[in-house]
1. Would you confirm whether or not the stretch 14-28 contains a residue that is assigned by the TED database to the domain that holds Val396, aliphatic (A, V, I, L, M) and either modelled with pLDDT of 95 or more or not in a helix (DSSP H, G or I) (or both)?
2. Among the residues of the stretch 682-691, write down those that are under 34 Å from the mean Cα position of the chain (by Cα) and either among the polar types (S, T, N, Q) or closer than 17 Å to Gly618 by Cβ (or both).
3. Which of (1) more than 15 Å from Asp32 (Cα to Cα); (2) in contact with an Asp or Glu (Cβ under 6 Å, 6 or more places away or on another chain) is the odd one out, the single condition Leu85 does not satisfy?
4. Of Thr726, Thr667, Thr682, which residue is of a type in the set (Val, Ile, Thr) and modelled with pLDDT under 70?
5. Can Tyr38 be described as of a type outside the set (A, V, I, L, M, F, W, C), surrounded by 13 or more Cβ atoms within 10 Å (Cβ to Cβ), under 16 Å from Arg409 (Cα atoms) and modelled with pLDDT of 80 or more?
6. Which of the residues belonging to the stretch 252-268 are farther than 18 Å from Ala226 by Cβ, open to solvent by 10 Å² or more (accessible area, probe 1.4 Å) and out of contact with any Ser or Thr (no Cβ under 7 Å at 6 or more places or on another chain)?
7. If you check Asp692 against the conditions, is it open to solvent by 10 Å² or more (accessible area, probe 1.4 Å) and closer than 23 Å to Glu607 by Cβ?
Amino acid sequence: MRNFRCLMNFCFGCFFFFFFLFCRDQIIEMFDHAYGSYMKYAYPADELMPLSCRGRIRGQEPNRGDIDDSLGKFSLTLIDTLDTLVVLNKLDEFEDGVRRAVRDVRLDNDVVVSVFETNIRVLGGLLGAHVMADLLRQRGDRMQWYRDELLHMAKDLGHRLLPAFNTTSGLPYPKVNLRYGVLNPLSRTGTESDTCTACAGTMILEFAALSRLSGDSIFEEHARKALDVLWERRQRGSDLVGTVINIHNGEWIRRDSGVGAGIDSYYEYLMKAYILLGDNVFLERFNIHYSAIMKYISQPPLLLNVHMHNPTVSVRSWMDSLLAFFPGLQVLRGDLKPAIETHEMLYQVTKQHKFLPEAFTTEFRVHWGQHLLRPEFAESTYYLYKATGDPYYLRVGQSIVDKLNAYARVPCGFAAVQDVRTGTHEDRMDSFFLAEMFKYLYLLFSEKSQVPIDIDDYIFTTEAHLLPVSLSTTQLPFPVAQQEDLFTHSCPSTETLFPNNPSFAKTIRDSYKYLTGVGRAFHPLPIRCEHGVYRVKLVAEVSQTPEEEVVPHVVQLISPPFLGRTVLTAGPAKFGMDLSKQEHGVKGSIVKALPYTACGPIDNTVELKGHIALALRGDCMFAVKARQLQEAGAIGAIFIDHREGSNSEETPLFQMVGDGDSTEDITLPLVFLFSREGAVLTAALEEHHNVDVLLLPKERQLGHGEDNGKIDERLTLVMLWCFQTTKPDDTLSMSQGSKDSRKLNQVLLKEEEEEELRREEKSQQQSCRKATENERTKLCSADSSQTPNSNRGPDTNP
C-alpha cells in the first residue's frame, strides 16, 4: 500500500510538472505572438492595431477622445512590457528592448497625456525596467553597459508630470502637456476642474520609488499630499470616498462610492504603499476604508456602488470589470472568504459571456459588452492560487488562456472584443495586455525556481510593474495589534494561515457554483435594505432556513378556454401588495409592457391602465420596474425571468426584494415567473389576445386540495367566482342562454344541496351527543331509517 501511494504521488507530481510546463510554453508562445506583432508591425508607435497590422500613432488615426490620452509618442507598449520580458526569462529580448528605449524614446513631446496613465504605464515601466536592469547588471553576466539610463528617463518624466500638482488643494490636474506643462499658453490643458479619486490617489508607489531611487524627495512629497487630501475629504460618517473630486476646493463632484472604475487603485495603493514603504499611516487608512467597504460595498459575491453620504442607498444596478482586482487585494489583506466568493462570481460571468464584459448587471447580464483584454481577473486568480494552493485556480487560468486564443487571437496579435455577445473585434491591443496579463498567467503556472527573480522581493504596481520592497526606510516586525484580527497591522503569511488547503476554498465556492445560471440554475436575489445594511440573498442548492422560507404563489389562468386549469408556480415579493391578505387574490387581464423590461417610461400606458402588466426581468431592479408600471396605471405586475430554460421545478423560488430604498410607495401585487412558466403565459396571450389571470398564494388557488375527479367539474365555477360583481344571479344573467351558464347553474345547485345536507347531518350529530341515552337511541334510530333526502320533503309530522 505504501509503495502504491508513493507511485500515485509520483504520477500526480509528474502530471503537474508536465501540465505546468505545457501551460507556460503556451503562454510564452502567446506572448511572443503579441509582442512580436507589436515589434514587427507597430514599433516605435505607442500601440499595435492588431486588425490593421500597423501602429497607432496619435494624430494619424481618428481621435478616440480620452482613450488617446494614454498615448504620448513614447513607445508606450515597449516601455510597459520591459519587465515582463524578465519575468518570462526573455533576457536577450529585455536587453534589446532597453537599448531601444534608451536610443529611441523621447519624452519632451508636445502632446497632452493623462497624468494617471502616464504614471502607471510609462513611469512605472521605466522604474520596473531599471530595477530589473540594475539587478542583472549586479549579477555580472548581463547589462554591463547599463548606466542607469532608464532611471534618468524616469526622473525626467517625473519632472514633466510635477506641474500637474500645481493646484490649491494639492490634488493633481488630470492631464499635462509633456513639453509645456499645465498653465503654459501652449499647453492646451489646465482648464479641467476635477479628477477621479484613483487618478489622484494612484501616484504614491511610482513617485515614492522615484524619490528613493533618485534621492529627490519632491516626488514622494507631492504624492503623499494628494493622498492626505483624499483622506481628509472622506465622508467621516461612512469612511468612504466618492468617485470624482474638484482639484481646487476638494469638493466631491460624484458621490457614488465603490471599488471599481474611478476609485479602485486608490485603495490598492494605500495597502501596497504600506508594504513598499513600511509607513503605518497607509495601513491604518486602508484598514479604516476596508472596514467601510466590507460594511457597505461588499455584499458577497457582489461589490456594489453606494452613496458615500448615505451608504445604505445603492446608486446603480451594474458592476464594472475593473473591480475584478479586488479579490487579489483581499488576499493581500488576508481576507480570503469574500475574495473567493467574489472571484467565483466573476468566473461564472466569464463562463456565461466568455470574457468579463466591461460592465454587467447585478443579475449578470451584459451592461456594456466591450472587453479590452483587461488583466484584473487573471491577477486575482494568481493571488488566490498562491494563497490557497487550490488547483481549481489553475483550471481558471487555463480557461483564460483558452478563451484568449479562441476568441481574441488574430493574425497580428490579440484584439479587444467589441461586444462579448457577438464576438466582434476592435482594432486595439492596449499596452496593459502585455504588461500585466502575461505576467500573472506565467507566474500562475510557475514555481519560484522557474522565474529569474525572487518574486517575493517585489510588490506589483497597479500596472504589474515590479518595485523592490527593500525601498522601505524601516524594517517593521509586522506586529499583531489584536488577537481577534490577525491582519490589522500585518501582511498575512499564507503558509501559516492557509497552508495549501484546497478544500477551504472549495467549500466557499460551492455555494456560488451556479450563480449565473450556467449549469443547474442558481439565482441571486436583488438587494434589500435591512437595518440600514444591504444584504444579498442567494438561493443555493441547500434547504432553506426559516428566514429564507418562501410562500409559493401562482398565476392562474381563468378566462376561457383555460377556466383555471392552467396554474403557473410563481415567486412572491417582499414589497408591494401582500397577496396573502387578499381573500380572493387579484384578478385582471394581462398586457405586455412596452418597453418589455419596464426600466424606463412606459409607452403603452393606455393599453396597460387597469390591467396586470407583464415585464421581463433584467436591466434594472424589480422596484424600479414596479414604480414605472404603477405610474402607468397597472393594477399588478408579473415579472418573467430572462434566463432561457429556467423553471420552478429545478430552481428554488425566491422572494423579490426592493432596491435598498423605501418601497412603501409601491402598492401593486407583484409575482415572479421563471422562463418556462413565463413562456406558457406569453404564448396564451399571443394566441387568445385576452387572457384573465388570478394572482394569489398557491394554497388558495381555485381547485386546490380537491381530488382530480372533482376538480374538472368544480373548475367551471371559476366563471362565477371570478367574474361576479355583486351576487351569483348577476353573473348568471350576463351569460344567460350559454352552455357554460347552464352547466354552471347545475353544478351550483348540486353544491348547494350537498352543503345543506352536510349542515343538517352535523346538526343531528350534535343533538345526539346532547340527548340522554334513551333519547339518543330513539332519535338516532329514527334518523337512521330515513333516506338522505327524506328531510328535504314537506314537513308532515310537526
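1. The answer is yes; a qualifying residue exists.
2. Going through the stretch 682-691, the residues under 34 Å from the mean Cα position of the chain (by Cα) turn out to be 682-683.
Result: Thr682, single match.
3. Among (1) more than 15 Å from Asp32 (Cα to Cα); (2) in contact with an Asp or Glu (Cβ under 6 Å, 6 or more places away or on another chain), Leu85 violates only (1).
4. Values: Thr667 fails: modelled with pLDDT under 70; Thr682 fails: modelled with pLDDT under 70.
Step by step, each of Thr726, Thr667, Thr682 is checked, and only Thr726 is of a type in the set (Val, Ile, Thr) and modelled with pLDDT under 70.
5. yes
6. Those that are farther than 18 Å from Ala226 by Cβ, open to solvent by 10 Å² or more (accessible area, probe 1.4 Å) and out of contact with any Ser or Thr (no Cβ under 7 Å at 6 or more places or on another chain): Arg255, Ala261.
7. Details: open to solvent by 10 Å² or more (accessible area, probe 1.4 Å): yes; closer than 23 Å to Glu607 by Cβ: yes.
The answer is yes for Asp692.
Residues checked against (1) within 16 Å of Phe74 (Cβ to Cβ); (2) open to solvent by 20 Å² or more (accessible area, probe 1.4 Å); (3) in a helix (DSSP H, G or I):
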residue	(1), (2), (3)
Val113	yes, no, no
Glu117	yes, yes, yes
Ile120	yes, no, yes
Gly125	yes, no, yes
His130	yes, no, yes
Ala133	no, no, yes
Met143	no, no, no
His152	yes, yes, yes
Pro163	no, yes, yes
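The values are calculated or read from the model by the stated rules, or taken from the named source; none is laboratory data. Bear in mind that the values here come from a model prediction, so they are computed numbers and not experimental data. All Cβ positions, even for glycine, are placed from backbone atoms using ideal geometry, and neighbour counts span all protein chains on display. Heavy atoms of the whole protein, side chains included, go into the accessibility calculation; ligands, DNA and RNA do not. Shrake-Rupley method; radii C 1.70, N 1.55, O 1.52, S 1.80 Å.
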